[in-house]
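Peer 1: Can you keep this structure in mind? I'll have questions shortly.
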Amino acid sequence: MDQGREVFAVPGNITNKLAWGPNLLIKQGAKLVQDWNDVVSELPAESRRHLIDRGRQRILGEGGASAAGEGASVIGDPVSEIGDVARRLLASLQVDIAVHLDDLLEKVEDTSPSELIAALSNWRC
């Protein structure tokens, strides 16, 4: 903020010491982010149009014309686009609870460390 840049922060639980930083930024004037719309709405109009066009192309290209019907998300449904390993990984995670990679490997059975890391790094949200 001191450098004239916009600052966004995702708030955290006040009882979580890892949330102290983002919560302090919000207190100091950072824009609170609750979902992707909070960030996209701050983008210039041309950037928003570009994102919407890319989202439409992605929906039409991957899901056919019917996927862009009434109520379809512009960005798509990331949960329906992920693989089996990522789906099982997502089901084992809990909000605001840090999990060690070794613990994830135990929870997501029949998965190699490389498959798990690939699933973690390939999510397109």
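Peer 1: Condition first: open to solvent by 60 Å² or more (accessible area, probe 1.4 Å), hydrophobic (A, V, I, L, M, F, W, C) and farther than 19 Å from Gln94 by Cα. Now tell me which residues in the range 1-23 satisfy that.
Peer 2: Once the filter is applied, which keeps residues that are open to solvent by 60 Å² or more (accessible area, probe 1.4 Å), hydrophobic (A, V, I, L, M, F, W, C) and farther than 19 Å from Gln94 by Cα, the range 1-23 yields Met1, Phe8, Trp20.
Peer 1: Further, regarding this structure: Looking only at residues in the range 73-85 that are under 19 Å from Trp36 (Cβ atoms) and surrounded by 15 or more Cβ atoms within 10 Å (Cβ to Cβ), which one is modelled with the highest pLDDT?
Peer 2: Ile82
Peer 1: Considering only the range 29-43, I want to know if a residue exists there that is touching a Cys at 6+ places or on another chain (Cβ under 9 Å) and under 23 Å from Gln94 (Cα atoms). Steps first, answer last, please.
Peer 2: Step one: of the range 29-43, the residues touching a Cys at 6+ places or on another chain (Cβ under 9 Å) are 36.
If we keep only those that are under 23 Å from Gln94 (Cα atoms) as well, we get 36.
Yes, some residue in the range 29-43 is touching a Cys at 6+ places or on another chain (Cβ under 9 Å) and under 23 Å from Gln94 (Cα atoms).
Peer 1: Any idea how many residues of the range 98-125 are within 20 Å of Gly12 (Cβ to Cβ), open to solvent by 90 Å² or more (accessible area, probe 1.4 Å) and at pLDDT 80 or above?
Peer 2: Qualifying residue count, the range 98-125: 2.
The values are calculated or read from the model by the stated rules, or taken from the named source; none is laboratory data. Please read all numbers here as calculations on a predicted model, not as lab measurements. Cβ: placed from backbone, ideal geometry, glycine included. Neighbour counts: every protein chain shown. Calculation scope for accessible area: heavy atoms of the full protein, side chains included, ligands and nucleic acids excluded. Shrake-Rupley method; radii C 1.70, N 1.55, O 1.52, S 1.80 Å.
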